[in-house]
1. Between ILE2 and ALA111, how high is the FRET efficiency from 1/(1 + (r/R0)^6) when r is the Cβ-Cβ distance and R₀ = 22 Å? Nearest 0.05.
2. What residues from the stretch 98-113 fall in the zone where the backbone N is under 12 Å from a label point 7 Å along the Cα-to-C-beta line of ARG31?
3. Between beta-carbons, use under 11 Å as the cut-off and find the net charge around LEU70, counting Lys and Arg +1, Asp and Glu -1.
4. Say each of LEU273 and ASP56 gets a label point 7 Å from the Cα, pointing the same way as Cα to Cβ; how far apart are those two points in nm?
5. Which of the three applies to the stretch 1-133, rounded, prolate or oblate, going by the alpha-carbon gyration tensor with a ≥ b ≥ c and a/c under 1.5 meaning rounded?
6. What does the highest-first list of 68-74, 79-85 look like by mean Cβ count within 10 Å?
7. Highest mean first, what order results for 21-32, 282-293, 158-169, 92-103 on Cβ atoms within 10 Å?
8. So for the pair GLN280, LEU171, with labels modelled 7 Å out along Cα→Cβ, what separation do we get in nm?
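The numbers here are math on the coordinates, done by the rules we state, and not lab data. Predicted model, so just to flag it, every value in this text is computed and none were measured. Cβ: placed from backbone, ideal geometry, glycine included. Neighbour counts: every protein chain shown.
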Amino acid sequence: MIAPNLSIVIPVFNEAACLPELIQRCLAAGRATKRAFELILVDDGSSDGTTRMITDAADQHAPELVAVILNRNYGQHAAVFAGLAQSRGSIVVTLDADLQNPPEEIPALVAEMDKGFDVVGTVRGNRQDSLFRRFSSSLINKMVRQSTGVMMHDYGCMLRAYRRPIVDAMLLCRENSTFIPILANSFARTTTEIAVAHAPRLKGESKYDIIKLLSLQFDLLTSMSTFPLRLLSIVGSLIACCGMGFGVFLLIMRLVYGAAWAAEGVFSLFAVLFVFVGAQFIGLGLLGEYIGRIFRDVRGRPRYFIQEIRGGQATTAPATFKPEGTS
């Protein structure tokens with residue numbers, strides 16, 4: 001069997017409503033590239049019938065379609081890693097399953113990769129998202145650009161293309177908390193981005209509410225840099241300087257106006273106390289986040305466990321999982 005030149009990896013979680021259209025359009029997009037390809041659908045512990053639909057599609061469209069079934073929900077990026085580990089193409093394209101990024105853009109990414117780039121990102125034009133999602137995305141993108149030095153404008157778009165050496169390098173990384181676009185750019189020598197269409201979600205529901213989006217943004221920030229800890233040191237130093245300056249001010253005012261000034265200094269004391277207590281809690285929260293990451297990573301537990309692989313060159317037997325870094 002001819003090894004595929006292109007792998008399309010899609011994490012899927014409770015997307016039964018749009019799955020038939022997704023498969024049809026992705027297969028058509030893969031064939032439009034005029035090269036051998038594989039479509040890898042990773043079921044991330046769905047409970048709405050998505051799992052059966054994916055396995056049936058793998059049986060019907062083999063060897064072009066490969067179904068990777070995880071035993072439970074591990075999250076989007078873990079599911080993508082499961083698909084990357086099964087991919088064989090020299091070019092790997094990742095895509096969301098909600099059809100907001102049209103699969104018809106895949107040939108454009110492949111054509112850009114043929115120019116020699118290691119990573120091709122995308123910028124969503126005329127985004128069909130809420131104001132909160134657009135604002136938070138813009139803020140995080142600016143922070144990522146400042147932290148990584150890679151001038152990409154839309155890190156939140158999963159429609160991206162990677163060259164095989166970049167994928168292999170990412171699979172060697174052992175950390176569990178990671179953000180794939182940033183991780184890929186840390187290994188890439190040449191990167192670029194192209195504009196792609198963006199459509200409203202017509203079927204199914206978004207899996208990210210406001211709480212999950214805030215959690216994702218905070219997770220992204222702490223996974224890519226220790227800058228928040230450095231910022232904490234800077235803020236702590238500023239607060240200490242302000243505290244000393246305020247102490248000198250209170251001493252002077254007490255000497256000038258006497259002990260009766262500002263209710264014997266009680267209100268001023270409370271104001272200073274609240275500032276320091278707030279700063280301490282912020283610091284403890286940030287330290288706890290990093291310590292939690294260390295705790296999860298030192299245990300060495302796998303990102304995911306594959307229950308079954310169907311289609312392609314796989315059998316229906318459960319897959320034996322090997323943690324990253326083992327042979």
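1. Calculated value: 0.55.
2. Counting backbone N atoms under 12 Å from the label point, the list is empty.
3. Surrounding charge for LEU70 is -1.
4. Those two pseudo-labels are separated by 6.6 nm.
5. oblate
6. My ranking of the peptides, most packed first, is 79-85, 68-74.
7. Order by mean packing, descending: 92-103, 158-169, 21-32, 282-293.
8. 4.9
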